[in-house]
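The values are calculated or read from the model by the stated rules, or taken from the named source; none is laboratory data. Model, not experiment: these values are computed from the prediction. With ideal geometry, Cβ positions are generated from the backbone for all residues, glycine too; neighbour counts draw on all protein chains shown. Ligands, DNA and RNA are stripped out before the accessible areas are found, and what is left, the full protein with its side chains, is counted by its heavy atoms. Shrake-Rupley method; radii C 1.70, N 1.55, O 1.52, S 1.80 Å.
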Amino acid sequence: MTGPAALPHAPPPSASVSKILTWSVVDGPGNRFVLFLQGCNFACLTCHNPHTIGRCDHCGTCVPGCPSGALRQVDGKVVHDAAVCINCDACLRTCPINANPMVRQLSVAAVLDLIGQNAAFLTGVTVSGGEATTQLGFVAALFAAIKATPALRHLTCFIDSNGHLGSKGWASVLPVTDGVMADVKAFDPERHRRLTGRDNALSLASARLLAAAGKLHELRFLLIPGETDQPDELASLAAFALELGADPAIRLNAFQHHGVRGVATAWPRMERDGVERAAAALRAAGLRRVSMPSVWLP
Amino acid sequence: MSEIESQLRKIAQDPTLSFRQKEHALAVAAENLLSYPLIDAETRQALDDRIICDMFEGHAPYKPRYVLPDYAVVLEHGSAYLELPKPQTLDEAINTLQIAYHHVPSVTGMPVFIGHLDALLLPFCDGVSDDELYRKIKLFWRYIDRVLPDAFLHANIGPTDNRVARAILRVDAELKQIAPNLTFLYDPAISGEAMLRLCTDNIIACSKPHIANHPIHAAVFDAPGYAIVSCYNALPLRGGAASLGRINLRKVAEASRDEADFLDVELPRYARLLARLMRARINHLHEKSGFFEGSFLVEEGWIDKDRFTAMFGIFAMAEAVNHLQDLAGRSGRYGLDPEANALGLRISARLTELVAAEPMAHVWRGFAMLHAQAGLSSDADTTPGIRIPYGSEPDPVSHVRALLPQHAYYLSGVSEILTLDETVRANPEAVFQLAKGALGMGFREFTANVAGNDLVRVTGYMIRLSDVKLYNEGKGSRTNTTGLGAEAAAVTPILKRAPRVVGLESLAGAVA
């Protein structure tokens, strides 16, 4: 699996959206409206949502295998009819580039309308992915529109990001962003490249920038047995987090198999005791706000 | 040995029943030896076919189904019949209530309502420290659960934010008992958001309290008001409900040719028959049983025989709508499809008209009250009340939005339960926001169970832990997972970006 070339930012005010949730308790504080944007600039071996990585190039490979006839090719474009779709996801399995023909194109106005319909139930809005910042223009326009709408401006606006974004990019969106949940996939540059297909310099710089701006809601770190659960990685994580100051919130996540494709399906799962040991090590280093998965699988 | 004798002997000699359960079963069997109140053949047939249902209340109604005494009477005046003086202290007040409960009948043999406890006890709390109050409430709660162990037994608190309500919520979360069930009467203008947050935090701890939308309920009832009892029935205080009957909407739909036939012919037919059945039963209670004549509860003003309503219940709305959708060749399902939901609303509006066309003697205000009924343990292939079928519920926000307009029709209560997966334990603000939004938009009742069960939602997913376990053990496959509707189930919050939703739902509690 190789990462796609740099993805063009979708011109605002529309975005490629793979999924919308009106109830999420795990994407920031309170209940959040979550917009999952399609496309990612990383190609993580451990990705549990690989079908969110690619952008459809309308090759049509998925069309013949669609059992309900929801997919058709019209004027060289793959067209999806949601009314006919039976959500069997056969297309996701046949797609050669980890894309999703069911993705919708939505304008800022359309998303604002959906948020407005659900506003009474919401604490805020989180844009996730894929990688949310690959459609940064849309995110900035959406958040600015939320802040400019009297009935919505109490909603907090969060981004969930792998941090692969430069300072100019952040500057364009932070004035209208209340918090960012930023991933660091690995601290060893070589390991990071091997796991994600990309260098980690930008991600580390992003975490520093966000912490300095007071917008780092949470630093997220995926524990993978034999990789990121190693002492050198945990020591780097502790040192990095302490250097950020203000005792940042750190969420440890545990690698699991569900949804994963490719070589990582043969890797061991991260077990609970290993996560607890890592958390203990971070706490011993002086970090107080370390959290772990709230639910463990049998 | 006659059939009757063998039936009674089976109860008397059943080693699995306690002596009290035997007493109750023998009493029910004896009552059912009597002939049924006189009903016409058409009503009898509909009852035998269980298209209409009497909730197996018994052949000779001799007590109201739900009794909601005004306990303020005994706390303010004592009771001549029970030889109780007016209580002076908190201990005496609690003791008086504990005695009173044993004299309040209901269909279960135990009281379904034990009072607006904060309003009742606050006048006795001057000079009682918070710690004393907490300890006394804790003993009171233990007594209720051990002596009156019935989940339909219901306490009410609110709408004010006060010391007794707070002590009760603290004790309730700590003890996590089945009894008493608890309702907080929430009024955004009076209760305050801090109290709502306390309630939603308690829901996370113990799936209680139920939160009633006080302004909406209060507008339905006159002085002295109402209470929420049993399985979320809103009924007149100092009265209650004489009887509860119900229509199986699924069976009515199956007897109909199409929607028009359902709304214009079959539903009116069975509504008429249910009204006849309820009249026969209520008339027996009021005219023949002697209940109201011989009751000190009436003499002393705890209850008023004119304040007993009739609950006109319905269930299996979901199956009725889906069947009518099938007849119309439409694929949209109840709870998920706007067209199907609109059909559900047409049914509820029609029911409201039909109930308003059936005057009933002895009944509070002369007409029954519509009720979305929660079901009996024996119900099969039907969904309680107006609920969305287990396993097909959308996420909680979509769930509330789908059913919100239905709540306006069910004046004596909607038994509705939202099941929240246990990841909300780490984010209690989300439950608060959901409750605030639902109540703010006019949801009549907010009830949520937080799953400690097999069901877990990580971000976009509802998954069963046992399914994932099978998967991890290599006993399942991607195909199995797809069969569950999930493309790729995320399994811990780490796997949070999985944007494919599945609504797998474990069985929610079905109660009468």
Original post:
Restricting the search to segment B:244-258, which residues are more than 12 Å from B:ILE52 (Cβ to Cβ) and of a type outside the set (A, V, I, L, M, F, W, C)?
Top reply: B:ARG250, B:GLU254, B:SER256, B:ARG257, B:ASP258
Original post:
Restricted to segment B:101-152, and to residues that are of a type in the set (Ser, Thr, Tyr), surrounded by 14 or more Cβ atoms within 10 Å (Cβ to Cβ) and in a loop (DSSP other than H, G, I, E, B), which residue is modelled with the highest pLDDT?
Top reply: B:SER106
Original post:
Can you pull out the residues in segment A:81-95 that are open to solvent by 50 Å² or more (accessible area, probe 1.4 Å), within 25 Å of the chain's Cα centre (by Cα) and under 27 Å from B:ASP337 (Cα atoms)?
Top reply: A:ALA82, A:ASN87
Original post:
What is the residue count in segment A:39-59 for residues that are at the interface with chain B (Cβ under 9 Å from one of its Cβ atoms) and either open to solvent by less than 10 Å² (accessible area, probe 1.4 Å) or of a type in the set (Phe, Trp, Tyr) (or both)?
Top reply: 4
Subject >> Members of segment B:435-463 found to be closer than 17 Å to B:CYS206 by Cβ and at pLDDT 95 or above, listed by number >> reply: B:ALA435
Subject >> Members of segment B:234-254 found to be open to solvent by 10 Å² or more (accessible area, probe 1.4 Å) and closer than 14 Å to B:GLN325 by Cα, listed by number >> reply: B:ARG250, B:GLU254
**OP:** Might you check whether a residue that is modelled with pLDDT under 95, open to solvent by 50 Å² or more (accessible area, probe 1.4 Å), in a loop (DSSP other than H, G, I, E, B) and touching a strand residue (DSSP E or B) at 6+ places or on another chain (Cβ under 9 Å) occurs anywhere in segment A:245-259?
**Re:** yes
Original post:
Given B:CYS199, B:CYS231, which one is assigned to a loop (DSSP other than H, G, I, E, B) and crowded, with 24+ Cβ neighbours inside 10 Å?
Top reply: B:CYS231
Subject >> Test set (1) free of Cβ contacts under 8 Å to residues at least 12 places away in the same chain; (2) buried (at least 23 other Cβ atoms within 10 Å of the Cβ) - A:ASP199 fails condition number >> reply: (2)
**OP:** Name every residue in segment B:66-98 that is part of a loop (DSSP other than H, G, I, E, B) and in contact with a helix residue (DSSP H, G or I) (Cβ under 9 Å, 6 or more places away or on another chain), in order of residue number.
**Re:** B:PRO69, B:TYR71, B:GLY78, B:ALA80, B:TYR81, B:LEU82, B:PRO85, B:LYS86, B:PRO87, B:GLN88, B:THR89
Subject >> Selection count where residues are in a loop (DSSP other than H, G, I, E, B) and free of Cβ contacts under 8 Å to residues at least 60 places away in the same chain, scope segment A:87-103 >> reply: 6
Subject >> Single condition B:LEU324 does not satisfy, out of (1) at pLDDT 95 or above; (2) surrounded by fewer than 20 Cβ atoms within 10 Å (Cβ to Cβ) >> reply: (2)
Original post:
Taking into account only those residues within segment A:261-298 that are in a helix (DSSP H, G or I) and within 12 Å of another protein chain (Cβ to nearest Cβ), which is modelled with the highest pLDDT?
Top reply: A:VAL275
Original post:
Give me the pairs: first residue in segment B:26-41 and in contact (Cβ under 8 Å) with a residue 60 or more places away in the chain, second residue aliphatic (A, V, I, L, M) and surrounded by 11 or more Cβ atoms within 10 Å (Cβ to Cβ), beta-carbon distance under 7 Å, and six or more apart or on different chains, which are they?
Top reply: B:PRO37/B:ALA280; B:LEU38/B:ALA280; B:ILE39/B:LEU277; B:ILE39/B:ALA280
Subject >> Where a residue in segment B:252-268 is part of a helix (DSSP H, G or I) and at pLDDT below 95 and its partner, wherever it lies, is open to solvent by 20 Å² or more (accessible area, probe 1.4 Å) and of a type outside the set (Gly, Ala, Ser), with Cβ under 9 Å and at least six apart >> reply: none
**OP:** State whether the residues of segment B:364-385 include one that is within 26 Å of A:LYS19 (Cα to Cα), surrounded by fewer than 24 Cβ atoms within 10 Å (Cβ to Cβ) and more than 16 Å from the chain's Cα centre (by Cα).
**Re:** no
Original post:
Which residue pairs have Cβ atoms under 6 Å apart, sit 6 or more places apart or on different chains, and have a first residue in segment B:389-407 that is in contact (Cβ under 8 Å) with a residue 60 or more places away in the chain and a second that is in a helix (DSSP H, G or I) and surrounded by fewer than 19 Cβ atoms within 10 Å (Cβ to Cβ)?
Top reply: B:PRO405/B:LEU345
**OP:** Please state which one of A:PRO29, A:PRO13 is more than 11 Å from every other protein chain (Cβ to nearest Cβ), open to solvent by 10 Å² or more (accessible area, probe 1.4 Å) and not basic (Lys, Arg).
**Re:** A:PRO13
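Answer yes or no: is there a residue in segment B:205-222 that is part of a helix (DSSP H, G or I), more than 23 Å from B:ILE386 (Cα to Cα) and open to solvent by 10 Å² or more (accessible area, probe 1.4 Å). Steps first, please.
Going residue by residue through segment B:205-222, those that are part of a helix (DSSP H, G or I) are B:205-206, B:214-218.
Of the ones still in play, those that are also more than 23 Å from B:ILE386 (Cα to Cα) are B:205-206.
In the following step, the residues that additionally are open to solvent by 10 Å² or more (accessible area, probe 1.4 Å) were identified as B:205-206.
Checked segment B:205-222: at least one residue is part of a helix (DSSP H, G or I), more than 23 Å from B:ILE386 (Cα to Cα) and open to solvent by 10 Å² or more (accessible area, probe 1.4 Å).
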**OP:** Please specify each residue of segment A:218-244 satisfying the condition of being part of a strand (DSSP E or B) and either away from every other protein chain (no Cβ under 13 Å) or surrounded by fewer than 21 Cβ atoms within 10 Å (Cβ to Cβ) (or both).
**Re:** A:GLU218, A:LEU219
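Let's see how each residue does on (1) more than 7 Å from chain A (Cβ to nearest Cβ); (2) on the phi > 0 side of the Ramachandran plot; (3) open to solvent by 10 Å² or more (accessible area, probe 1.4 Å); (4) assigned to a helix (DSSP H, G or I):
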site	(1), (2), (3), (4)
B:VAL397	no, no, no, yes
B:LEU403	yes, no, no, yes
B:HIS407	yes, no, no, yes
B:LEU411	yes, no, yes, no
B:GLU429	no, no, yes, yes
B:PHE432	yes, no, yes, yes
